[in-house]
Amino acid sequence: MPSGGKRISDKTQQCVCKNCGAFFICTGVGRPAAYCSPECKQETALTRRGVERVCEQCGVTFTTLNGNAMFCSKECRWESMIQETHWRTMYQKECPACGITFETVSRSQIFCSIKCGRKQSAEDARRYNTCQYCGEPFWRRNAYRMKYCGSECQFAAIREETLERHKNDVPVLPTVYDKVCPECDTVFTTTRQNQIYCSNDCTYSANLRQKREQWAAEYEPRTFVCKECGAEVTTVCGEPRSAFCSDECATRCTRRAYKERRGEHMKRAFRKQVVFKKIYKRDGGVCQICGLPVAFDKTPEQIWAATIDHIIPLSVGGTHEPDNCQLAHRICNSLKLQEDDGFYIDWDEMCKTDGERWIPVLEEYQRYMKEATP
């Protein structure tokens, strides 16, 4: 099928025109054509259904298929439209942008052209305006549409207008209620009828107490056997017990498990015997992690006491021998965790970043060193 949509066949047939009787060849598909040309078709249509009309512009009589036709051609129609335009009311106006006097048929037209209208809009958008509250000139985009130079003047003007509107109103004083706080038994006054507690702290503590009472009422106790001592324990609301009957049993079990792991690590990592005095003398009594002096004291309860630290931890494959051991404070050793060689602590920098936590620790170190030094 061609791009126009008309189907063409290789078959040809000879037809006779119904208007002029001439023979012509038809190559279309479907019903054969009745006329040899569009002129013959138009002539037949005018003969059958044509209407004679008189052109309202030039007065020529013409035949047309449209019974409402008023003009014989497009030219006559355009001429009639031009004449009607001149018959309309014309307004004499002066353009505020360029000052030129012009005529227009539109009563609402202001500028002589679109260019002048855009130019005037741009000038209005850039011009200064005077604030109706403070009287100062200001510039904003589209300032000619604004009353005030900013939000402060606007709120002040609204406030004064509201006060002026309500200056004759009789003030209504709020009702004051005397109440007793059910949480702390304090007598207080309030203007809110539904207020129960005297402060937010009392409200928080009362809600917390009520929630805990509700939780205790809905709590279902559970019975289990302590993993350490074998005692039967019944849980109580608010006590997070799930495996041990007390903190002592939990600590005892944790220490025993740590000693077992430590013993396994020592068995696998043992190479040579490590003597504390020799390590202390070799390192000159200085912590190899932070660089501060270490007292010759191995008390377990003292965080600044001396310990032997494995440079490469036993848990990550280090060996137990003098070459892999160094002198360190107990707190420095605990902060190292499983870090490899090269770990260093700068106490001054840590006090700058988190002084609330570490300054008391350093003060304890100074007191401990004074007592430990003979």
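By the count of neighbouring beta-carbon atoms within 10 Å, fewest first, L292, L337 end up ordered L337, L292. Using Cα pairs under 8 angstrom and six or more residues apart, how large is the relative contact order of segment 271-372, in percent? Answer for segment 271-372 is 27 percent. Measuring against 30 Å, Cα to Cα, the residue pairs K267/K370; K227/K278; K267/K352; K278/K370; K259/K281 contain K267/K370; K227/K278; K267/K352 as the ones spanning a longer distance.
Helix 38-49 and the longest principal axis of the Cα set of the chain meet at an angle near 70°. Would you please classify the overall shape of segment 271-372 from the alpha carbon gyration tensor, given that a ≥ b ≥ c denote the square roots of the eigenvalues, rounded means a/c under 1.5, and beyond that prolate means a/b larger than b/c while oblate covers the rest? Oblate, because a/c is 1.5 or more while a/b does not exceed b/c. Helix 114-126 and the long axis of the chain differ in direction by around 30°, with both axes built from C-alpha atoms.
For GluC sites (Glu not before Pro), the sites in segment 237-333 that DSSP calls loop and that have at most 10 other Cβ atoms within 10 Å are E301. Under 5 Å from the amide H of C287 lie the amide H atoms of L292, V294, each residue being 5 or more positions distant or on a separate chain, with H modelled from the backbone and absent for Pro and chain starts. Each DSSP beta bridge with both residues in the chain is either parallel or antiparallel, and the antiparallel ones are about 95%.
Relative to the longest principal axis of the Cα atoms of the chain, helix 200-218 runs at roughly 80 degrees. Amide H to amide H distances under 5 Å link A306 with D297, K298, T299, where only residues 5 or more positions off or on other chains count and H is placed in the peptide plane. In this structure, the amide hydrogen of V51, modeled 1.01 Å from its nitrogen in the peptide plane, lies closer than 5 angstrom to those of T64, L65, counting only residues at least 5 positions away or on a different chain.
For M350, M90, what's the fewest-to-most ordering of other Cβ within 10 Å of each Cβ?
M90, M350
Backbone geometry of segment 283-300 corresponds, through the Karplus equation with coefficients 6.51, -1.76 and 1.60 at θ = phi - 60°, to 3J(HN,Hα) couplings of 8, x, x, 10, 5, 7, 9, 10, x, 8, x, 10, 6, 7, 8, 10, 5, x Hz, x marking Gly and Pro. Using the rule -39500 (n - 2.57) for each DSSP H run of four or more residues, divided by the residues of the chain, the 222 nm mean residue ellipticity is -11500 deg cm²/dmol. By the count of other C-beta atoms within 10 Å, a proxy for reagent exposure, L327, L208 are ordered fewest to most as L208, L327.
With a/c under 1.5 counting as rounded, go ahead and sort segment 144-275 into rounded, prolate or oblate using the C-alpha gyration tensor (a ≥ b ≥ c being the square roots of the eigenvalues; past the cut-off, prolate if a/b is larger than b/c, else oblate). It is oblate, given that a/c is not under 1.5 and a/b is not larger than b/c.
This structure gives semi-axes √(5λ) of the Cα gyration tensor in Å, computed directly, and of (i) 102, 49, 33; (ii) 43, 28, 16; (iii) 40, 23, 17 that value is listed as (i).
Segment 116-169 and segment 320-358 have Cα centres spaced 67 Å apart. From the alpha carbon centroid of segment 188-218 to that of segment 222-273 is 41 Å.
Using C-alpha pairs below 8 Å separated by at least 6 residues, the relative contact order for the chain is 5 percent.
All of the numbers you see were taken from the coordinates with simple rules; none came from a lab. All values reported here derive from a predicted model rather than from experimental measurement. Neighbour counts run over all protein chains shown; Cβ positions are idealised from the backbone, glycine included.
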